[in-house]
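Colleague: Submitted below is the structure of interest, expressed as structure tokens.
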There are 4 protein chains.
Amino acid sequence: MSDRTHVVVIGGTSGIGRHFARSCAQRGDDVIITGRSEERTKSVAHEIGGRTRGLALELAEPERIAAALAEVGRVDQLVLAALDRDHNTVREYRPADAIRLLTVKLTGYTEVLHALAPRMTDDSAAVLIGGLASHRPYPGSTSVTTANGGIGALVRTLAVELSPIRVSALHPSIVSDTPFWSDKPAAREAAAAGALTGRPVTMGDCTHAIRFLLENRAVNGVNLNIDGGEVLI
Amino acid sequence: MSDRTHVVVIGGTSGIGRHFARSCAQRGDDVIITGRSEERTKSVAHEIGGRTRGLALELAEPERIAAALAEVGRVDQLVLAALDRDHNTVREYRPADAIRLLTVKLTGYTEVLHALAPRMTDDSAAVLIGGLASHRPYPGSTSVTTANGGIGALVRTLAVELSPIRVSALHPSIVSDTPFWSDKPAAREAAAAGALTGRPVTMGDCTHAIRFLLENRAVNGVNLNIDGGEVLI
Amino acid sequence: MSDRTHVVVIGGTSGIGRHFARSCAQRGDDVIITGRSEERTKSVAHEIGGRTRGLALELAEPERIAAALAEVGRVDQLVLAALDRDHNTVREYRPADAIRLLTVKLTGYTEVLHALAPRMTDDSAAVLIGGLASHRPYPGSTSVTTANGGIGALVRTLAVELSPIRVSALHPSIVSDTPFWSDKPAAREAAAAGALTGRPVTMGDCTHAIRFLLENRAVNGVNLNIDGGEVLI
Amino acid sequence: MSDRTHVVVIGGTSGIGRHFARSCAQRGDDVIITGRSEERTKSVAHEIGGRTRGLALELAEPERIAAALAEVGRVDQLVLAALDRDHNTVREYRPADAIRLLTVKLTGYTEVLHALAPRMTDDSAAVLIGGLASHRPYPGSTSVTTANGGIGALVRTLAVELSPIRVSALHPSIVSDTPFWSDKPAAREAAAAGALTGRPVTMGDCTHAIRFLLENRAVNGVNLNIDGGEVLI
């Protein structure tokens with residue numbers, strides 16, 4: 001085992017996960033990113049460069065997660081950033097899509113910890129990415145809000161069960177420079193206007209916060225909003 | 001339609017749900033209880049008496065919920081009390097059991113609201129039963145904690161989406177006189193000792209709180225702990 | 001000592017406190033209301049009728065509270081509803097007014113509990129009235145928001161210290177039919193529009209909630225919002 | 001004005017405040033620390049070294065704060081760490097001491113922001129130090145718990161009022177290497193045992209977290225616990 005930091009980013013092929021993975025690679029960490037498609041994941045790993053490897057992983061099938069992660073070695077820092085963009089409402093509810101999202105973000109995330117905890121050390125830490133929808137629902141967020149509320153509690157049981165491994169969650173509002181939002185200027189501008197800071201949340205802000213949660217040795221079991229203060233107004 | 005209050009209790013064959021249903025029946029309400037087994041549900045409905053009917057419903061199969069609730073008429077008060085006692089830990093995780101619990105309590109509850117919302121009026125209200133495990137994990141509560149955290153957020157999106165219908169949640173600690181706990185004296189005594197009130201939480205306390213949440217016209221979207229203050233210490 | 005319930009309402013000459021006191025008097029309780037002016041307090045007590053007495057009390061002078069409450073006998077239910085309408089902002093801050101408000105709502109409330117706790121029984125309960133401004137600041141709410149945040153924590157330490165006496169808080173948004181708001185139709189209408197319930201919060205809603213918090217034997221140490229769900233959106 | 005970061009630490013002569021001030025001085029920042037005693041404050045400023053100046057400030061007299069801070073220039077980062085160790089209980093309550101603590105931590109902190117906000121820029125940020133007692137009362141914490149609850153709400157109104165200036169709070173449990181706790185080994189060991197991380201919180205952890213809250217441009221209006229996860233169990 002090297003002295004390098006070993007980082008695993010679940011859902012590392014785009015958005016916040018990819019941004020964080022790249023910042024790690026640039027520091028010289030050993031990085032593994034996962035994504036649904038093996039081809040795309042390996043291609044993104046190559047783009048990120050440094051010591052980055054890609055691994056195919058489908059969180060919607062938790063029974064297969066452990067096998068897919070078999071080749072992962074020591075894990076110092078684990079980031080769970082995979083998501084499933086389910087647009088669902090209670091009035092026009094599609095249960096199958098909701099089950100899929102909840103499986104990815106709740107059962108899938110937990111199964112990743114189940115599989116990787118034996119490869120983590122007493123100094124390891126994990127960060128789960130939730131979302132502000134937990135506290136601020138928006139049209140179509142029925143299952144996203146539910147999943148993010150589940151994340152908020154999941155970090156509490158994981159921090160207790162995996163002690164002394166630290167586990168926390170980051171809950172972003174709209175992150176303006178992700179591929180998903182960057183071509184939706186109206187939503188992005190509304191988010192910036194809603195933030196008390198007068199500027200939108202960026203992937204850089206999120207990477208900075210993820211690193212803080214991973215590295216601070218006394219912050220544990222917390223849910224941190226990163227929203228520019230939007231939830232206050 | 002009669003002037004009587006029409007109450008539906010999902011998971012009404014035992015525990016808190018049954019206790020609440022009986023209190024409604026004794027007031028003369030029209031009550032429908034649901035349970036997994038048609039035979040047992042009808043039998044419990046008969047025991048409860050008054051204007052109580054039993055209906056078989058399996059929340060673990062959300063696609064079939066709407067059909068199973070087809071014969072329900074107007075709904076003034078809806079209580080979602082069904083549960084699934086999954087003992088799970090991240091160290092020895094069984095994803096299939098976790099998925100089942102999350103499906104029952106999150107997707108299943110939401111699908112019940114989807115099916116019944118059109119039969120609710122502007123004055124109707126719903127109460128979801130979560131649990132204190134959301135904030136206070138215990139050994140084996142991995143998926144219970146996660147589900148109850150999801151409930152905490154679910155009431156927020158439901159209150160927004162179904163406005164002006166009111167939706168709140170009640171989060172009990174161990175309820176000492178339910179069938180599940182009444183033969184576990186050590187756990188019951190520990191819960192009573194942990195409560196600042198020096199007495200255990202009872203089904204009667206929960207029924208009183210559910211009725212309050214259903215009837216107060218300005219309390220909405222809240223998560224109310226009922227734990228004797230246990231979470232403070 | 002009689003079998004009647006002995007109720008003390010601090011700040012019982014108007015608004016929520018007076019409304020709750022009247023509902024108690026109509027049930028036949030022994031009621032003591034307090035207010036700043038002895039004359040006005042006795043006059044309101046007479047208007048409320050039943051077994052209601054008035055007592056002068058100035059919460060802004062905590063050192064004198066114990067003496068002013070010397071004649072109070074057994075206390076079964078205690079409601080702390082006194083307030084001080086301080087309009088303050090950080091940009092044009094008047095520290096003396098802020099200190100006065102914080103003294104009334106935080107030190108004054110605590111001193112009332114200090115004075116009356118020896119006259120409470122194991123079955124007694126107290127409710128403190130805070131306000132939604134704790135979580136949703138509005139222009140001019142600098143010290144009101146701060147005080148209500150203090151109330152939110154104060155119930156936690158009081159519930160622990162006075163165990164098994166129960167202590168909780170109610171946090172209303174604008175209560176439309178109080179004397180203060182009833183002549184401000186624009187603010188009232190905005191509050192009703194902000195509520196998911198489509199109707200404004202009333203004193204009757206608050207009295208119903210206060211009674212619930214006082215009477216439910218397992219709800220303890222909680223902060224309950226009563227806002228029609230306004231805080232969710 | 002120089003390009004250096006201008007830092008003001010209120011309560012910078014010992015504990016967390018001093019530790020943070022020293023870390024700033026070592027980076028080359030322009031640092032002003034305040035303390036009650038002019039002599040001691042100037043002496044500590046000299047010990048810290050770098051570009052550190054000491055300024056006498058008594059938060060318990062808010063009317064005099066603005067004058068005492070008159071010579072402070074531009075403020076990029078403001079940390080409010082001053083405290084008043086009031087041991088108080090509701091059973092043996094000393095209102096005058098409670099008023100003093102609440103004045104220092106709530107009115108005093110707000111008045112500092114009132115005085116310094118005009119010298120802050122759109123990119124400035126402030127961090128208030130509260131404490132875990134807000135959510136986890138301990139014997140003697142009556143007014144400390146209340147004050148820290150007030151801090152929790154104060155950051156919300158300040159973030160709204162001072163937008164786009166960012167304002168957040170850090171809530172530590174026992175910080176083991178402060179002068180106050182370092183000679184109380186039993187309490188320190190209990191705190192380390194209570195932390196899920198198995199190690200006590202240090203001033204270094206707090207400085208790391210304060211810097212994060214000051215520097216992350218999208219984290220705003222949050223209350224961050226730093227307790228090793230103690231509040232979860």
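Colleague: Among the residues of region A:161-175, is any closer than 14 Å to residue A:105 by Cβ, open to solvent by less than 40 Å² (accessible area, probe 1.4 Å) and out of contact with any Asp or Glu (no Cβ under 9 Å at 6 or more places or on another chain)?
Modeller: The answer is yes; a qualifying residue exists.
Colleague: Next question, about the same structure. Take residue C:193 and tell me if it is part of a helix (DSSP H, G or I), aliphatic (A, V, I, L, M), more than 9 Å from chain B (Cβ to nearest Cβ) and more than 22 Å from residue C:160 (Cβ to Cβ). Give the derivation first.
Modeller: On the way: part of a helix (DSSP H, G or I): yes; aliphatic (A, V, I, L, M): yes; more than 9 Å from chain B (Cβ to nearest Cβ): yes; more than 22 Å from residue C:160 (Cβ to Cβ): yes.
Yes.
Colleague: Filter region C:136-159 down to residues that are outside any helix (DSSP H, G or I) and more than 7 Å from chain D (Cβ to nearest Cβ) and give me whichever is surrounded by the most Cβ atoms within 10 Å (Cβ to Cβ).
Modeller: This residue is C:136.
Colleague: Quick one: residue C:186 ticks every box in (1) open to solvent by 50 Å² or more (accessible area, probe 1.4 Å); (2) more than 15 Å from the chain's Cα centre (by Cα); (3) modelled with pLDDT of 95 or more bar one, so which box is it?
Modeller: (3)
Colleague: Can you say whether residue A:229 is at pLDDT below 95, under 19 Å from residue D:123 (Cβ atoms) and open to solvent by less than 60 Å² (accessible area, probe 1.4 Å), as far as the supplied structure shows?
Modeller: Values: at pLDDT below 95: yes; under 19 Å from residue D:123 (Cβ atoms): yes; open to solvent by less than 60 Å² (accessible area, probe 1.4 Å): yes.
Here the answer is yes, as residue A:229 does meet what is asked.
Colleague: Sticking with this structure for a sec: For residue D:169, indicate whether it is in a helix (DSSP H, G or I) and closer than 29 Å to residue A:161 by Cβ. Steps first, answer last, please.
Modeller: Values: in a helix (DSSP H, G or I): no; closer than 29 Å to residue A:161 by Cβ: yes.
Against the criterion (in a helix (DSSP H, G or I) and closer than 29 Å to residue A:161 by Cβ), residue D:169 does not qualify.
Colleague: What is the number of the single condition among (1) under 20 Å from the mean Cα position of the chain (by Cα); (2) more than 14 Å from chain C (Cβ to nearest Cβ) that residue D:162 does not meet?
Modeller: Tallying (1) under 20 Å from the mean Cα position of the chain (by Cα); (2) more than 14 Å from chain C (Cβ to nearest Cβ), residue D:162 fails exactly one: (2).
Colleague: Scan region C:86-100 residue by residue and report those that are facing another protein chain (nearest Cβ under 7 Å) and touching a strand residue (DSSP E or B) at 6+ places or on another chain (Cβ under 8 Å).
Modeller: The one that is facing another protein chain (nearest Cβ under 7 Å) and touching a strand residue (DSSP E or B) at 6+ places or on another chain (Cβ under 8 Å): C:98.
Colleague: Residue check: is residue A:130 at pLDDT 95 or above, open to solvent by 10 Å² or more (accessible area, probe 1.4 Å) and within 30 Å of residue D:124 (Cα to Cα)?
Modeller: yes
Colleague: Could you list all residues from region C:124-135 that are more than 7 Å from chain D (Cβ to nearest Cβ) and either under 16 Å from the mean Cα position of the chain (by Cα) or part of a helix (DSSP H, G or I) (or both)?
Modeller: Across region C:124-135, the qualifying residues are C:125, C:126, C:127, C:128, C:129, C:130, C:131, C:132, C:133.
Colleague: Separate question: Among the residues of region C:199-233, count how many are in contact (Cβ under 8 Å) with a residue 24 or more places away in the chain and not in a helix (DSSP H, G or I).
Modeller: Residues in region C:199-233 being in contact (Cβ under 8 Å) with a residue 24 or more places away in the chain and not in a helix (DSSP H, G or I): 17 in total.
Colleague: Moving on to the next point. Within the bounds of region A:208-220, is there any residue that is open to solvent by 40 Å² or more (accessible area, probe 1.4 Å), within 7 Å of chain D (Cβ to nearest Cβ) and not small (Gly, Ala, Ser)?
Modeller: Among the residues of region A:208-220, at least one is open to solvent by 40 Å² or more (accessible area, probe 1.4 Å), within 7 Å of chain D (Cβ to nearest Cβ) and not small (Gly, Ala, Ser), which makes the answer yes.
The values are calculated or read from the model by the stated rules, or taken from the named source; none is laboratory data. Since the structure is predicted, the reported quantities are computational estimates derived from the model, not experimental observations. Here Cβ is always computed from backbone atoms with ideal geometry, including for glycine, and neighbour counts include all displayed protein chains. Ligands, DNA and RNA are stripped out before the accessible areas are found, and what is left, the full protein with its side chains, is counted by its heavy atoms. Shrake-Rupley method; radii C 1.70, N 1.55, O 1.52, S 1.80 Å.
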